[in-house]
Amino acid sequence: MTIVVLMGPPGAGKGTHADHLAGRLGVPVISTGDIFRAQVAARTELGRTAQRYLDAGEYVPDEVTNAMVRERLAADDTRLGFLLDGYPRTVDQAAVLDEILAAQDRSLAAAVVLQVDPEVLVHRLLRRAEIEHRSDDTEVVIRRRFQVYDDETSPLITSYAARGIHYEIDASADIDTVRVRVHEVADLLGVAAQR
Ligand code: ADP
């Protein structure tokens with residue numbers, strides 16, 4: 001049973017490394033960003049609500065995001081653990097996650113944080129914009145997403161560190177180098193889960 005959250009600023013590589021980390025732990029990935037983008041593409045009501053926030057680089061309101069995650073975490077495939085990519089991102093979301101897990105008699109094993117130099121991040125995101133054409137990868141929106149991350153999400157790292165479940169990875173290097181570091185942390189967590 002391993003329940004892990006993967007954190008890091010926009011462009012840190014959460015999407016890139018989430019699958020490997022989860023694969024190594026043998027748990028599914030739940031990415032709120034991916035769920036929102038899928039809902040936007042499918043033109044659902046949730047997608048319509050989410051789209052204007054995504055396009056502006058703002059967080060989707062907590063009540064919307066929390067309800068979506070609450071429903072997703074009730075699914076059967078989360079029974080043996082899961083990796084959350086991009087959630088929680090606010091103090092309120094973190095409290096809701098703790099509450100959902102407590103109600104299931106479970107708790108968070110680790111918050112894995114990908115840290116990257118801000119200059120490298122802007123560069124990566126602008127390059128991704130050229131390749132993927134994500135609506136939130138323009139320079140103005142990218143700067144807004146960093147600001148929101150610093151204001152709303154960074155404080156969570158401090159609180160997970162205080163709980164002693166925070167694992168920091170320097171993710172400024174190339175993908176293969178970071179992947180090795182991610183695997184090392186996964187192995188640490190796997191060992192802890194077996195104890
Ligand atoms: P990135 O981390 O690179 O910004 P994501 O794919 O994780 O990309 O998220 C894209 C967008 O989806 C966010 O900017 C936000 O608008 C929305 N989003 C994703 N997760 C959350 C969340 N937990 N709370 C609120 N909004 C979210």
message = Quick query: amide H of His166 versus all other amide H atoms, modeled in the peptide plane; which residues come in under 5 Å with a sequence gap of 5 or more or a different chain?
response = Ala111
key: Karplus (6.51, -1.76, 1.60) ³J(HN,Hα), θ = phi - 60°, over region 158-170, in Hz, Gly and Pro reported as x   = 4, 6, 5, 5, 5, 7, x, 10, 9, 10, 9, 10, 6
ask   = With the other protein chains left in place, how much accessible area per residue, in square angstrom, belongs to the chain at a 1.4 angstrom probe?
value = 51
query = What is the sum of charges around Gly26, taking Lys and Arg as +1, Asp and Glu as -1, for the other residues whose C-beta is under 15 Å from the C-beta of Gly26?
reply = -1
ask   = Whole-Hz Karplus ³J(HN,Hα) for region 50-55, in order, using 6.51 cos²θ - 1.76 cosθ + 1.60 and θ = phi - 60°, x for Gly and Pro?
value = 5, 4, 5, 6, 4, 5
ask   = Once amide H atoms are placed 1.01 Å from N in the peptide plane, what residues at a sequence separation of 5 or more from Ile30, or on another chain, have their amide H within under 5 Å of its amide H?
value = Leu83, Leu84, Asp85
note = Rounded to the nearest 10 Å², the 1.4 Å probe accessible area of Ser159 is 50
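How would you classify region 121-195 from its alpha-carbon gyration tensor, with a ≥ b ≥ c the square roots of the eigenvalues: rounded for a/c under 1.5, else prolate if a/b is greater than b/c, otherwise oblate? It would help to have the intermediate numbers written out before the result.
Numbers: a/c = 3.18, a/b = 1.55, b/c = 2.04.
Cα axes put region 121-195 in the oblate bin.
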Estimated dipole of the chain in Debye, rounded to 20 [Cβ of Lys and Arg +1, of Asp and Glu -1, Cα centre] = 260
ask   = Rounded to two decimals, what is Rg over Rh for region 27-140 when you use alpha-carbon atoms and the Kirkwood radius?
value = 0.99
query = Could you give me the ³J(HN,Hα) list for region 21-33, computed from phi with Karplus coefficients 6.51, -1.76, 1.60 and θ = phi - 60°, whole Hz, x at Gly and Pro?
reply = 4, 5, x, 5, 8, x, 10, x, 9, 10, 10, 5, x
Helix-only [θ]222 nm of the chain, DSSP H runs n ≥ 4, -39500 (n - 2.57) each, per residue, nearest 500 = -18000 deg cm²/dmol
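The values are calculated or read from the model by the stated rules, or taken from the named source; none is laboratory data. As the structure is a computational prediction, the values presented were derived from the model and not from experiment. With ideal geometry, Cβ positions are generated from the backbone for all residues, glycine too; neighbour counts draw on all protein chains shown. Side chains are part of the model used for accessible areas, which takes the heavy atoms of the whole protein and leaves out ligands, DNA and RNA. Shrake-Rupley method; radii C 1.70, N 1.55, O 1.52, S 1.80 Å.
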